[in-house]
Amino acid sequence: MKQTTDLGRDKVWVLVLKLAVPSMIAQFVTVLYSIIDRMFIGNIPKIGDLALAGVGICGPIVTLLTSFGTLIGLGGSILMSMRLGAGRKKQAQSILAHSFAMLVVFSALLTFIFLLTKKYLLLWFGASAATFIYADTYLTIYTAGTFFALMAIGLNYFITCQGFPGVGMTTVLIGAVTNMILDPVFIFVLHMDVAGAAIATVIAQFASCAFAFCFLIGKKVPIKITLLRKPAWSPMIIKRILILGVSPFLILATDSVIIIVLNAMLQKYGGPGEGDTLITCATIVQSYMMLITGPMLGISSGTQAILSYNYGAKAVDRVKKAEKYILLLCLCFTTVMFVLSRVVPGYFIRIFTDEPSLVSLSTWGIGVFTMLIIPLSFQYVFVDGFTALGLSRTALFLSMFRKGDYMLFTIFLPIFFGAKSAFYAQPIADGIASVMAVAAFLLFFKKHLEKRLRQ
């Protein structure tokens with residue numbers, strides 16, 4: 001298999017499509033992991049709604065776990081793309097070796113920490129007496145498979161950044177198809193309920209992990225995984241990987257924290273009965289939002305290799321063109337999703353539940369959450385663009401500014417306007433963040449590229 005893309009020579013708009021479309025599909029398929037689980041769980045006889053609320057509480061914790069794969073994988077792949085663009089293949093090899101070792105170490109530590117603290121996390125983040133048993137079962141099994149989840153996510157970035165977006169998409173498809181096949185078998189045929197959904201997900205992640213690893217040690221890829229011996233450890237490489245990966249990591253990690261806070265606020269101000277209903281609704285709405293934010297992340301992060309490679313090669317005109325096409329693609333996608341969110345949300349909601357009150361509440365929730373998804377394109381594209389060019393501090397500030405606003409509105413709106421008002425935290429934060437991202441882009445992007453030409 002030859003490289004399917006030449007990041008330094010192919011037409012820029014063609015490159016953007018070649019990398020963005022498979023990455024969008026891969027992110028969409030990744031979203032299916034949780035949606036498929038929730039779909040089957042929500043349809044378990046008698047316990048479906050409570051089980052769905054329990055798994056919804058696990059959702060942000062699971063995302064927090066897997067975001068460490070993005071921290072290392074995306075940070076390492078950006079740094080590796082810069083070195084490849086500058087023609088430094090030996091350094092690129094060392095970066096991949098460091099990233100692989102870091103994924104192993106992080107997987108072991110996170111598995112131990114989360115298994116030790118899962119009971120306290122679930123109670124703290126909104127599990128009630130009725131939903132705790134389902135949340136605990138799902139999270140215990142999922143956490144045991146953390147190694148496969150982090151490896152599948154982290155290694156896939158190094159496949160895409162070397163010019164194999166189709167293989168990267170295949171990595172995710174393998175896991176998704178495995179999950180779709182095993183979910184109904186374990187949940188309904190073997191009557192394993194929530195435990196069956198978690199086991200199916202872990203097996204699916206193992207399949208993705210195995211495929212990605214085998215590809216990265218094979219003959220088809222230019223830079224292969226190698227073991228890192230102790231004297232070869234470089235604190236500077238580790239630091240650079242973490243610095244470049246921290247912004248997208250915090251985007252995912254703080255998303256999880258916000259969802260956890262949202263669930264806690266809905267439980268607190270909604271009360272024992274209404275609280276569980278609102279959490280179930282929020283779980284459905286968040287599942288829908290993942291169908292939007294997942295592909296958006298696929299567009300903005302999947303194309304970072306174009307920006308990083310050409311930035312390393314000092315081809316600043318190609319960087320500018322790429323950023324323009326990336327933004328246009330993201331705006332087109334969010335516009336389509338904005339329209340669909342007002343036309344067909346009921347069809348999506350009914351794959352989880354047929355309860356009329358939940359369908360009505362979730363339709364309202366989707367309408368609120370998606371009010372400002374079109375301008376949110378600027379936030380995603382510009383933040384990931386800054387990260388790809390090494391401006392991690394600017395990207396981190398913009399990310400944390402949005403998350404800080406989101407968190408404050410999630411906490412304070414229910415205090416003054418009731419539990420349901422917490423849903424409005426999303427569009428308010430999206431609007432403010434989009435304005436900030438555009439301002440930062442106009443101030444820093446062009447100047448940074450001019451500075452690169454002088455180096």
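Somewhere in region 88-98, is a residue among the hydroxyl-bearing types (Ser, Thr, Tyr), modelled with pLDDT of 85 or more, within 23 Å of VAL172 (Cβ to Cβ) and crowded, with 18+ Cβ neighbours inside 10 Å?
Of the residues in region 88-98, the ones among the hydroxyl-bearing types (Ser, Thr, Tyr) are 94.
Of the ones still in play, those that are also modelled with pLDDT of 85 or more are 94.
Imposing the further condition that a residue be within 23 Å of VAL172 (Cβ to Cβ) reduces the set to none.
Within region 88-98, none of the residues are among the hydroxyl-bearing types (Ser, Thr, Tyr), modelled with pLDDT of 85 or more, within 23 Å of VAL172 (Cβ to Cβ) and crowded, with 18+ Cβ neighbours inside 10 Å.
The one condition from (1) surrounded by fewer than 19 Cβ atoms within 10 Å (Cβ to Cβ); (2) over 25 Å from MET290 (Cα atoms) that MET82 does not meet is (1).
Residues that are closer than 13 Å to ASN43 by Cα and either part of a helix (DSSP H, G or I) or among the acidic types (Asp, Glu) (or both) were ranked within region 176-204; the one that is most open to solvent (accessible area, probe 1.4 Å) is PHE188. For region 107-131, taking the residues that are aromatic (Phe, Trp, Tyr) and open to solvent by 50 Å² or more (accessible area, probe 1.4 Å), the one that is farthest from ILE57 (Cα to Cα) is identified as PHE112. Answer yes or no as to whether ALA144 is in contact (Cβ under 8 Å) with a residue 40 or more places away in the chain, farther than 29 Å from GLU274 by Cα and surrounded by 19 or more Cβ atoms within 10 Å (Cβ to Cβ). Taking the combined requirement at face value, the residue does not satisfy it. Can you find even one residue in region 401-413 that is open to solvent by less than 30 Å² (accessible area, probe 1.4 Å), part of a helix (DSSP H, G or I) and in contact with a Gly (Cβ under 9 Å, 6 or more places away or on another chain)? Among the residues of region 401-413, not one is open to solvent by less than 30 Å² (accessible area, probe 1.4 Å), part of a helix (DSSP H, G or I) and in contact with a Gly (Cβ under 9 Å, 6 or more places away or on another chain), which makes the answer no. Within region 284-319, the set of residues being among the polar types (S, T, N, Q) and touching a Ser or Thr at 6+ places or on another chain (Cβ under 6 Å) comprises just one member, SER308. Taken residue by residue, region 321-330 has at least one member that is acidic (Asp, Glu) and either touching a strand residue (DSSP E or B) at 6+ places or on another chain (Cβ under 8 Å) or open to solvent by less than 50 Å² (accessible area, probe 1.4 Å) (or both). Does at least one position in region 334-350 carry a residue that is in contact (Cβ under 8 Å) with a residue 12 or more places away in the chain, open to solvent by 10 Å² or more (accessible area, probe 1.4 Å), in a helix (DSSP H, G or I) and farther than 26 Å from MET39 by Cβ? Among the residues of region 334-350, at least one is in contact (Cβ under 8 Å) with a residue 12 or more places away in the chain, open to solvent by 10 Å² or more (accessible area, probe 1.4 Å), in a helix (DSSP H, G or I) and farther than 26 Å from MET39 by Cβ, which makes the answer yes.
Here's the yes/no breakdown for (1) open to solvent by 30 Å² or more (accessible area, probe 1.4 Å); (2) over 21 Å from TYR134 (Cα atoms); (3) more than 22 Å from the chain's Cα centre (by Cα):
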{"residue": "ILE241", "(1), (2), (3)": "no, yes, no"}
{"residue": "ILE259", "(1), (2), (3)": "yes, no, no"}
{"residue": "MET265", "(1), (2), (3)": "no, no, yes"}
{"residue": "SER287", "(1), (2), (3)": "no, no, no"}
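From the list SER341, SER301, pick out the single residue that is closer than 23 Å to GLY245 by Cα and within 21 Å of the chain's Cα centre (by Cα).
Working: SER341 fails: closer than 23 Å to GLY245 by Cα.
Step by step, each of SER341, SER301 is checked, and only SER301 is closer than 23 Å to GLY245 by Cα and within 21 Å of the chain's Cα centre (by Cα).
Against the condition under 30 Å from SER421 (Cβ atoms) and in contact (Cβ under 8 Å) with a residue 24 or more places away in the chain, how does ILE284 come out, does it pass? Judged against the criteria, ILE284 is a match. Pairing residues of region 199-217 that are closer than 14 Å to THR143 by Cβ and of a type in the set (A, V, I, L, M, F, W, C) with residues that are part of a helix (DSSP H, G or I) and open to solvent by 10 Å² or more (accessible area, probe 1.4 Å), at Cβ distances under 6 Å and at least 6 apart in sequence or on separate chains, gives ILE199/ILE141; ILE199/PHE186.
Taking region 301-318 as the range and being closer than 24 Å to MET169 by Cβ and out of contact with any Cys (no Cβ under 9 Å at 6 or more places or on another chain) as the test, the residues that pass are SER301, GLY302, THR303, ILE306, LEU307, ASN310, ARG318. Quick check on VAL104: is it surrounded by fewer than 23 Cβ atoms within 10 Å (Cβ to Cβ) and either under 19 Å from ILE153 (Cα atoms) or modelled with pLDDT of 85 or more (or both)? So VAL104 fits the description; yes.
The values are calculated or read from the model by the stated rules, or taken from the named source; none is laboratory data. All values reported here derive from a predicted model rather than from experimental measurement. Don't worry about glycine lacking a Cβ; one is built from the backbone with ideal geometry, like all the others, and counts go over all protein chains shown. Just so you know, the surface numbers come from the protein's heavy atoms only, side chains and all, with ligands and any DNA or RNA stripped out. Shrake-Rupley method; radii C 1.70, N 1.55, O 1.52, S 1.80 Å.
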